[in-house]
Amino acid sequence: MCGIVGYTGTRPAGPIVLEGLRRLEYRGYDSAGIALFDRDHGLFVARATGKLDRLIQRVEGTLPPAVAGIGHTRWATHGEPSDQNAHPHLDPSGRVAVVHNGIIENYHALRARFLERGAVFLSETDTEVLAFLLAERLERGEDLLDALRGVAGEAQGAYALLAVDAEEPGRIVAARVGNAGGIVIGLGDGEHLLASDLGALIPHTRRVTFLEPGEFADVRADGLAFVDADGRTIEKTVAVQPYDVVAAAKGRFRHFMLKEIHEQPETVQYALHGYSPDPPRVVMDGLPFSDAEIRALTRVVLIGMGTSMHAAMVGRHYIERFARIPAEVDNSAEFRYRGPVLDEHTLVISISQSGETVDTLAGMEEARRAGCPQVTICNTPGAQATRIAHGTVYMRTGPEIAVASTKTMVASMLLLHGIALHLGRVRGTLDPSLARQQIEAALHVPAAVGAALELEPRLAEIADRYSRYEDFLFLGRGLGYPLALEGALKLKEVSYIHAEGYAAGEMKHGPIALIDERMPTVAIAPHDEVFDKMLSNIEQVRARHGSVIAFVSHGERAVDGLANEVVELPAVDPALFPLVGVVPMQLLAYHIAVQRGADVDQPRNLAKTVTVE
Ligand code: G6P
């Protein structure tokens, strides 16, 4: 979490750093700060609690035109959001400024050394002590980069850090320690930029290089050098990154979330580019395994967090149904600490929009140690996940800016469908006629997703009626179960309504006790083999005076007069139902949140990329 930016060059750094922070605000937005420094202007520091706009208001008209600077947008881990806890943090003499993303695990012990000497810390953060440690080393005559390496050796944890020394104007040093928090460095014309991710650099340059864990950068306007933890020089390759900047603007939409929901027909269209019906074949770019390796697989483990884990749950159905390989899903954070039984025939598929979610990266490291073949489904070019896995299947949805994921879930589910069809064909477990039917059905999904978007006025009307409730239950079975979880998650995230997602079969084992006229139930009830069971569940809710909003298949009449609201979904193959069924879940959550006046794109307490445990 947290976004960090740095600039050194010949242009005024202030506006560039603030614009970079704007692009990283999705990573955290409870406070922000900036430090500008050069030979002519000394060190200027400003911080403000709240979103970036507060900082911009505060510094308006006062920003010195210094040509180097660093900035930070925060998601609080240690210490509440406040001006004092906002970054950059300084040492007591005001010589060193640092911005940091991640956690310093031993900061209490590090602080104690200074407290014994009577030092005063101005913040409650784990970061401030890093400035103290750096200044201490600089006072001893160490070079700034050596001092940073020394501090990284002392400060345990996984983090990314930028530091500047007011006595060396225009020089920024950067460290990446462990797997949390990336740093990408952009090479411009007589200038260099640093940021937590690519999106912040793209307006200025596409020539970039990524700092790996254990690497350090020494950045000046006219110079760039990299070293490892022992100070040995490293040669890094510079790649030119394609990226759609236009996609990072809201356009005609009121919120990024709504824009991204509406981009889903194109998202699925793109994810289908490897599907061809005649002969039936799915070519998955990024799957690096030979046919022999695929045949040797005995198990598939899918890992992810949040929405990505819900996509993984749909993927498990596809892998088992089409490739007939035993498959399981794990929350990455549970997987990594469970001591999972893994071997070189267990394919680990990780799903992560950002490719930087700390628990998913740790789960992938666990799989790497066990020698598992690994593929990651990711949306961010060059992200750490793409460097751990043997292969990357890119979502290619363009940037997803809203904190609550939408289009990347749809892309992930479809790519998992494609992977499953590919594995099934190679292993000979997928009947060619089923392969053809699934490929043809998948080619219909973009139109069906487009038709689902046309339900928006109806969902806005339902949102209007239900936005004042404080508790919701979402029920689904089979492929509807991950959707129930996702529908509840979306509602929680963007509208702050308490919502529970349950497998409908579980309803009678607890949730039913909650049902009364104050708790509406969203029933995901497509006409599949368990439809009759869902129908019974709906009856049971109604018998307890609960309202029901039912999402049913096209033409379904069985719930008319039973559910309070019936929403017919566009026709789609049952296996592909989640791709279409998720759209109304997203729209319902969105419109309820708008009705309640919530901050849809940047919900409180959340961050798009969770780089701390
Ligand atoms: C955060 C976001 C979610 C996202 C999850 C996993 O919690 O708010 O929208 O699903 O992280 O992120 P990833 O980048 O790994 O897909």
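Could we say that residue 47 is open to solvent by 30 Å² or more (accessible area, probe 1.4 Å), in contact (Cβ under 8 Å) with a residue 12 or more places away in the chain and in the same structural domain as residue 201 (by TED's automatic domain parsing) here? Considered against the rule, which asks whether it is open to solvent by 30 Å² or more (accessible area, probe 1.4 Å), in contact (Cβ under 8 Å) with a residue 12 or more places away in the chain and in the same structural domain as residue 201 (by TED's automatic domain parsing), residue 47 comes out as yes.
Is there a residue in the stretch 581-595 that is outside the structural domain of residue 546 (by TED's automatic domain parsing), within 13 Å of the ligand (Cβ to nearest atom) and polar (S, T, N, Q)? So far as the stretch 581-595 goes, no, none of its residues is outside the structural domain of residue 546 (by TED's automatic domain parsing), within 13 Å of the ligand (Cβ to nearest atom) and polar (S, T, N, Q). Please specify each residue of the stretch 305-338 satisfying the condition of being open to solvent by 10 Å² or more (accessible area, probe 1.4 Å), among the hydrophobic types (A, V, I, L, M, F, W, C) and within 16 Å of the ligand (Cβ to nearest atom). Correct list: 305, 309, 313, 329, 333. When residues in the stretch 385-407 are screened for being farther than 30 Å from residue 253 by Cα and more than 11 Å from the ligand (Cβ to nearest atom), 7 of them pass. For the residues 92, 88, the requirement of being within 27 Å of residue 52 (Cα to Cα) and surrounded by fewer than 17 Cβ atoms within 10 Å (Cβ to Cβ) singles out 92. Residue 359 meets all of the listed conditions (1) without any contact (Cβ under 8 Å) to a residue 60 or more places away in the chain; (2) under 19 Å from residue 158 (Cα atoms) but one, namely (1). Search the stretch 370-400 for residues being within 25 Å of residue 344 (Cβ to Cβ) and among the small types (Gly, Ala, Ser), and hand back the single one that is modelled with the lowest pLDDT. Going through the qualifying residues, I end up with 383. Remark: residue 475 matches the filter, which requires a residue to be in contact with a helix residue (DSSP H, G or I) (Cβ under 6 Å, 6 or more places away or on another chain), over 21 Å from residue 596 (Cβ atoms), in the same structural domain as residue 497 (by TED's automatic domain parsing) and at pLDDT 95 or above.
Against the test of being aliphatic (A, V, I, L, M) and open to solvent by less than 10 Å² (accessible area, probe 1.4 Å), the options 393, 358 yield a single qualifying residue, 393. Close Cβ contacts (under 7 Å, 6 or more residues apart or on different chains) running from residues in the stretch 162-190 that are outside any loop (DSSP other than H, G, I, E, B) to residues that are of a type in the set (S, T, N, Q) comprise 172/8; 183/196; 185/209; 186/205; 187/205. Any residue at all in the stretch 411-422 that is away from the ligand (no atom under 12 Å from the Cβ) and open to solvent by 20 Å² or more (accessible area, probe 1.4 Å)? Yes, some residue in the stretch 411-422 is away from the ligand (no atom under 12 Å from the Cβ) and open to solvent by 20 Å² or more (accessible area, probe 1.4 Å).
If the condition is being surrounded by fewer than 24 Cβ atoms within 10 Å (Cβ to Cβ) and either within 16 Å of the ligand (Cβ to nearest atom) or under 17 Å from residue 391 (Cβ atoms) (or both), then the stretch 339-354 contributes 344, 345, 346. The set of residues from the stretch 494-514 being more than 24 Å from the chain's Cα centre (by Cα), closer than 30 Å to residue 257 by Cα and not in a helix (DSSP H, G or I) comprises just one member, 503.
Of all residues being more than 26 Å from residue 546 (Cα to Cα) and open to solvent by 10 Å² or more (accessible area, probe 1.4 Å) in the stretch 596-606, which is nearest to the ligand (Cβ to nearest atom)? Just the residue, please. In this case the residue turns out to be 606. Among the residues of the stretch 266-280, those identified as at pLDDT below 85 and surrounded by fewer than 19 Cβ atoms within 10 Å (Cβ to Cβ) are 277, 278, 279. Taken over the stretch 271-300, the criterion of being in contact with a Gly (Cβ under 9 Å, 6 or more places away or on another chain) and either within 16 Å of the ligand (Cβ to nearest atom) or of a type outside the set (D, E, K, R) (or both) is satisfied by 271, 272, 274, 275, 282, 283, 284, 286, 287, 288, 289, 300.
The values are calculated or read from the model by the stated rules, or taken from the named source; none is laboratory data. In this text, all values refer to a predicted model and were calculated from it rather than measured experimentally. Heads up, the Cβs are rebuilt from the backbone with ideal geometry, glycines too, and the neighbour counts pull from every protein chain shown. The area values use the complete protein model at the heavy-atom level, side chains included, leaving out ligands, DNA and RNA. Shrake-Rupley method; radii C 1.70, N 1.55, O 1.52, S 1.80 Å.
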